[in-house]
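The next block holds one structure in the form of structure tokens; read it before the comments.
None of the figures in this text is laboratory data; all of them are computed from the coordinates on show. Only a predicted model underlies this, so the values are computations on that prediction, with no experimental measurement involved. Virtual Cβ from ideal backbone geometry, glycine too; neighbours counted across all protein chains shown.
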Amino acid sequence: MVLIPGGSFVMGSSSGYPDEQPGHEVYIDAFYIDINEVTNAQYEKFFDETGYLQPDFWFPEIDSPDEPVVGVAWQDAVAYATWAGKRLPTEAEWEYAARGGNVKTKYPWGNEPDETFEFANLNSFGIAPVKSFKPNGYGLYDMIGNVWEWCSDWYNKDYYTTSPDRNPQGPADGKSKVLRGWAWHSNPYHATVTKRYHSHPSSKSYSYGFRCVKTADSNMP
């Protein structure tokens, strides 16, 4: 995991999709985040040790152990995170970390799309092993591209109009959960760091995965 220092940033975009507006300043306390998406190998250890159900689309004979696990519902991601002594990131933590210190840019690497695909697995034919592309400024891989990542928050399209300015946790309830980060099939021109996506917490997809976080006062191994 990587320690993300506490700080402020403008979350969302005043010129993005309606649910990304308004851009608003948020302070985030320091936290640790996985440097890559949870892999098949990590998730296999989880269900081997706990007896938890295998994910959908589980094909170990063809999928690489170091590819991100997919076919996991939000509840599955929470179960893994709890077993690992971690949790899912809030939407605000995710966006802050994804920016990699570039708090004012459209993408983690700058304001232009990654047309040479150095930083992100986008517009491709499938999932890539983690760490196949360059990391962002915090040393995090695949914050954009590869698979969408579950966050802890309920989704509300108008949440940014009432969001608190320190460590927002999302709405108290809702019908769908937030996903962030785009996936392998996404258009590189659209894949901004502010894009909000959402799906029912029981949904499973070949493009849904996750990574975990810990609060900074947690005991790290």
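If R0 is 45 Å, the Cβ-Cβ spacing of Glu25 and Thr82 corresponds to a FRET efficiency of close to 0.90.
Over all alpha-carbon pairs in the range 174-221, figure out the percentage whose distance exceeds 11 Å.
Details: 859 of 1128 pairs.
So the portion of pairs separated by more than 11 Å is 76 percent.
Mean sequence separation of contacting Cα pairs (under 8 Å, at least six apart), scaled by the length of the range 118-167, corresponds to a relative contact order of 33 percent. Note on the range 1-92: along the principal axes its Cα atoms extend 45, 27, 21 Å, ordered by decreasing extent.
Thr215 label point, 7 Å along Cα→Cβ, cut-off 16 Å on backbone N: hits in the range 19-44? The answer is 28-33, whose backbone nitrogens lie closer than 16 Å to the label point. Were the residues from Gln169 through Lys204 laid out at 0.36 nm apart, the gain over their Cα-Cα distance would be 10.3 nm. Separation of the range 77-91 from the range 96-149 is 22 Å, based on Cα centroids. Which of Trp83, Trp74, Trp150 moves most in a GNM of the chain, Cα contacts under 10 Å? It is Trp83.
Principal axis extents of the C-alpha atoms in the range 90-221 (largest first, rounded to whole Å): 40, 33, 31. If R0 equals 30 Å, the separation of the Cβ atoms of Phe125 and Glu49 corresponds to a calculated FRET efficiency of about 0.35. Between amide H atoms placed 1.01 Å from N, distances below 5 Å from Phe117 occur with no residue 5 or more places distant or on a separate chain.
Build a GNM of the chain with springs between Cα atoms under 10 Å apart, and of Gly145, Gly174, Gly209 the one that fluctuates most is Gly174. Pair-distance distribution P(r) for the range 132-189, from all Cα-Cα distances in 5 Å bins starting at 0: 4, 16, 18, 19, 18, 16, 7, 1 percent.
Of the beta bridges in the range 143-212, as assigned by DSSP with both residues counted there, near 75 percent are antiparallel.
Expressed as a rounded percentage, what relative contact order does the chain have, with Cα pairs under 8 Å and six or more residues apart?
Details: 512 pairs, mean separation 64.8, N = 221.
Result for the chain is 29 percent.
Size check on the chain: the Cα extents along the three principal axes, sorted descending, read 46, 38, 34 Å. Normalised by 2.2 N^0.38 Å, where N counts its residues, the alpha-carbon radius of gyration of the range 34-152 equals 1.09.
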